[in-house]
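The structure appears right after this line, and notes come after that.
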């Protein structure tokens with residue numbers, strides 16, 4: 001995620017003589033990456049990429065705090081200017097009822113402001129908002145956006161008088177409830193989203209994401225309920241992604257904004273409302289915070305850090321680095337305890353995280369460059385080479401590779417499939433247990449294609465092992481051949497197997513989803529290698545193989561046999577096969593009749609008439625016409641007695 005920070009705004013909280021270029025370079029070397037700096041009039045704007053675990057940096061103050069810790073390491077003096085916010089002394093009770101569910105909303109801050117005067121924001125505020133890509137809309141709304149960008153915590157302002165019931169009830173939405181957001185778009189809720197209603201069932205806010213049209217500030221607003229909430233980030237993410245409402249507030253809240261930051265944000269918002277709208281504080285500040293989190297502590301020592309980084313460090317240097325990051329330390333010799341501030345509680349959890357903080361501020365570029373003490377492993381990536389080899393074979397046979405999602409809906413997975421805790425939707429709730437549904441969807445996306453084509457995928461499926469256990473990730477190779485004759489499709493699969501020098505056999509098997517609930521099992525020494533069959537509803541011919549088994553059975557170089565110096569006699573024999581006679585069984589029978597029958601293949605099929613091409617060849621001499629005649633009669637006799645075929649010539 002990226003954030004735009006004007007240099008002039010940054011200097012409100014950062015005292016330093018470092019230039020724009022120096023600040024950008026130092027941040028990029030030891031903290032968030034400054035992707036570019038562009039001029040806007042006399043000001044400069046930093047375009048900064050922030051990793052998703054560092055939501056504390058998604059604000060002007062957060063970047064200033066980081067810069068104040070990093071710049072001194074590069075020889076530039078820097079000091080963080082902390083906001084001097086006055087606490088409220090008003091004792092008038094807030095005439096408002098708040099019914100919270102602490103499992104959904106972790107903290108609520110609210111205060112009433114009266115007699116506000118709506119107008120355009122001052123030019124300095126409009127300029128700053130414009131530089132970060134926010135369109136000024138009027139002083140009251142602009143203040144909430146300004147505070148969110150400055151502090152990193154979203155703020156919301158309700159029209160107090162439009163909240164006629166003077167009640168906010170925090171609850172989960174019911175399925176098919178509707179709400180209209182402040183941009184006049186109506187959404188039908190799926191159920192489970194966190195909403196605020198007015199105590200009578202009417203939804204008046206989609207908290208943490210976007211306000212609703214029925215409680216938003218209008219040109220007639222005179223009294224405001226200034227409000228901050230900390231809603232379950234998983235709920236925020238699910239609702240925002242499900243309904244496609246991607247606001248800056250949602251982006252921040254889904255990353256677990258520090259609830260402690262809410263107090264600073266609301267005091268700053270009050271300060272600006274009093275200054276810009278000439279409003280008055282009309283109530284006490286309500287703070288509902290049922291489960292205040294305690295500070296995390298991590299024990300580690302200098303030796304642990306030195307071992308991980310491969311350098312020697314002084315105790316004073318480590319202490320200085322950590323305390324510049326607001327990580328206070330308590331020492332006992334070379335061992336120490338680190339207290340983690342609330343704004344870093346979600347990304348600093350282990351002693352290794354402390355090592356990372358020391359390393360980046362100390363400077364990754366200062367760490368010694370050393371070659372490995374031992375020799376590099378002498379092997380190639382055999383598995384990747386094999387996967388590439390199989391894919392190339394599939395492409396040579398006309399296949400097109402596709403990449404699909406690893407998720408599926410309930411009907412497309414087997415019993416016990418791993419369920420996602422925070423899915424994007426019902427169709428992505430489970431980890432897939434087969435590639436078939438994904439490939440079938442890809443085939444359906446090409447429904448207008450009338451020519452024969454086939455798609456394949458090589459990817460993991462996630463097979464359940466037991467309750468509360470990670471699934472067995474199994475690499476599969478699968479494909480669907482659309483508008484193909486079954487024999488032609490089977491021939492492609494056979495050709496791929498033969499290119500891998502695999503000696504295989506076919507055996508009938510049973511499976512749902514296939515025509516006649518039957519398919520072919522492809523086995524090697526009676527061990528299942530893969531399957532193929534004709535899918536129901538004219539979906540095409542489907543095949544799948546376990547890549548692990550395929551690699552085990554593949555032979556890099558096939559066995560060599562001397563070229564027969566005597567020519568073969570070749571002829572075509574046509575037989576009418578009874579219904580349900582397997583052509584493969586006929587092949588196997590013919591080739592086993594006599595060792596002088598060196599090869600056979602199916603040439604054509606017309607109704608039940610199958611024409612086979614047969615090669616007669618003796619390794620010691622050229623066969624006579626009479627010897628070929630005898631072999632032909634043996635073939636006819638054997639097939640008639642075993643399969644009941646009719647010889648046509």
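Kindly indicate whether residue 56 is in a helix (DSSP H, G or I), surrounded by fewer than 17 Cβ atoms within 10 Å (Cβ to Cβ) and in contact with a helix residue (DSSP H, G or I) (Cβ under 9 Å, 6 or more places away or on another chain).
no
Assuming residue 278 fulfils every condition listed in (1) part of a loop (DSSP other than H, G, I, E, B); (2) at negative phi apart from one, which condition is it?
Checking residue 278 against (1) part of a loop (DSSP other than H, G, I, E, B); (2) at negative phi, the one that fails is (2).
Testing residue 220 on (1) in a helix (DSSP H, G or I); (2) modelled with pLDDT under 95, one condition comes back false. Which one is that?
Only one criterion in (1) in a helix (DSSP H, G or I); (2) modelled with pLDDT under 95 is unmet by residue 220, namely (1).
Tally the residues that are in contact with a strand residue (DSSP E or B) (Cβ under 7 Å, 6 or more places away or on another chain), in contact (Cβ under 8 Å) with a residue 60 or more places away in the chain and more than 23 Å from residue 343 (Cβ to Cβ), restricting the search to region 287-314.
Matching residues across region 287-314 total 0.
Conditions (1) in contact with a strand residue (DSSP E or B) (Cβ under 8 Å, 6 or more places away or on another chain); (2) closer than 30 Å to residue 219 by Cα; (3) part of a loop (DSSP other than H, G, I, E, B), marked per residue:
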{"residue": "3", "(1), (2), (3)": "yes, no, no"}
{"residue": "8", "(1), (2), (3)": "yes, no, no"}
{"residue": "48", "(1), (2), (3)": "yes, no, no"}
{"residue": "66", "(1), (2), (3)": "no, no, no"}
{"residue": "103", "(1), (2), (3)": "no, no, yes"}
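What number of residues within region 318-334 are over 19 Å from residue 62 (Cβ atoms), under 39 Å from the mean Cα position of the chain (by Cα) and either assigned by TED's automatic domain parsing to the domain that holds residue 258 or in contact (Cβ under 8 Å) with a residue 12 or more places away in the chain (or both)?
Qualifying residue count, region 318-334: 2.
Can you tell me which condition residue 105 does not meet? The list is (1) modelled with pLDDT of 95 or more; (2) over 19 Å from residue 169 (Cα atoms), and all the others hold.
(2)
Checking the structure you have, find out if any residue of region 223-238 is in the same structural domain as residue 160 (by TED's automatic domain parsing), part of a loop (DSSP other than H, G, I, E, B), over 25 Å from the mean Cα position of the chain (by Cα) and modelled with pLDDT of 95 or more.
Scanning region 223-238 turns up at least one residue that is in the same structural domain as residue 160 (by TED's automatic domain parsing), part of a loop (DSSP other than H, G, I, E, B), over 25 Å from the mean Cα position of the chain (by Cα) and modelled with pLDDT of 95 or more.
Starting from residues that are within 21 Å of residue 105 (Cα to Cα) and within 28 Å of the chain's Cα centre (by Cα), keep the ones in region 182-201 and report whichever is surrounded by the fewest Cβ atoms within 10 Å (Cβ to Cβ).
191
Looking only at region 112-126, count how many residues are within 14 Å of residue 150 (Cβ to Cβ) and either surrounded by fewer than 18 Cβ atoms within 10 Å (Cβ to Cβ) or touching a strand residue (DSSP E or B) at 6+ places or on another chain (Cβ under 7 Å) (or both).
Count: 1.
Take residues that are assigned by TED's automatic domain parsing to the domain that holds residue 478 and tell me which of the helices (runs of 4 or more DSSP H) falling wholly in region 344-459 contain 3 or more.
Fully inside region 344-459 and qualifying: 382-396, 436-444.
Residues being in a loop (DSSP other than H, G, I, E, B) and more than 24 Å from residue 397 (Cα to Cα): count how many of those fall in region 496-553.
Residues flagged as in a loop (DSSP other than H, G, I, E, B) and more than 24 Å from residue 397 (Cα to Cα) within region 496-553 amount to 5.
Could you tell me which numbered condition residue 248 fails, if it satisfies all but one of (1) more than 30 Å from residue 120 (Cβ to Cβ); (2) in contact (Cβ under 8 Å) with a residue 24 or more places away in the chain; (3) under 34 Å from the mean Cα position of the chain (by Cα)?
Exception for residue 248: condition (1).
Here are some residues: 514, 453. Which one is buried (at least 16 other Cβ atoms within 10 Å of the Cβ) and more than 25 Å from residue 587 (Cα to Cα)?
Sole residue among the options that is buried (at least 16 other Cβ atoms within 10 Å of the Cβ) and more than 25 Å from residue 587 (Cα to Cα): 453.
Return yes when residue 98 is surrounded by fewer than 20 Cβ atoms within 10 Å (Cβ to Cβ), in contact with a strand residue (DSSP E or B) (Cβ under 8 Å, 6 or more places away or on another chain) and not in a helix (DSSP H, G or I) and no when it is not.
Details: surrounded by fewer than 20 Cβ atoms within 10 Å (Cβ to Cβ): yes; in contact with a strand residue (DSSP E or B) (Cβ under 8 Å, 6 or more places away or on another chain): yes; not in a helix (DSSP H, G or I): yes.
So residue 98 fits the description; yes.
Residues being under 30 Å from residue 73 (Cα atoms) and surrounded by fewer than 16 Cβ atoms within 10 Å (Cβ to Cβ): count how many of those fall in region 276-300. Before the answer, list the steps.
Here is the first cut: in region 276-300, the ones under 30 Å from residue 73 (Cα atoms) are 295-300.
Among the residues that remain, those that are also surrounded by fewer than 16 Cβ atoms within 10 Å (Cβ to Cβ) are: 295-297, 299.
Residues that pass the stated criteria total 4.
Checking the structure you have, find out if any residue of region 461-483 is at pLDDT 90 or above, farther than 20 Å from residue 410 by Cβ and not in a strand (DSSP E or B).
For region 461-483, residues at pLDDT 90 or above, farther than 20 Å from residue 410 by Cβ and not in a strand (DSSP E or B): present.
Among (1) over 27 Å from residue 203 (Cβ atoms); (2) in the same structural domain as residue 230 (by TED's automatic domain parsing), where does residue 87 come up short?
(2)
The values are calculated or read from the model by the stated rules, or taken from the named source; none is laboratory data. Keep in mind the model is a prediction, meaning the values are calculated, not measured. Don't worry about glycine lacking a Cβ; one is built from the backbone with ideal geometry, like all the others, and counts go over all protein chains shown.
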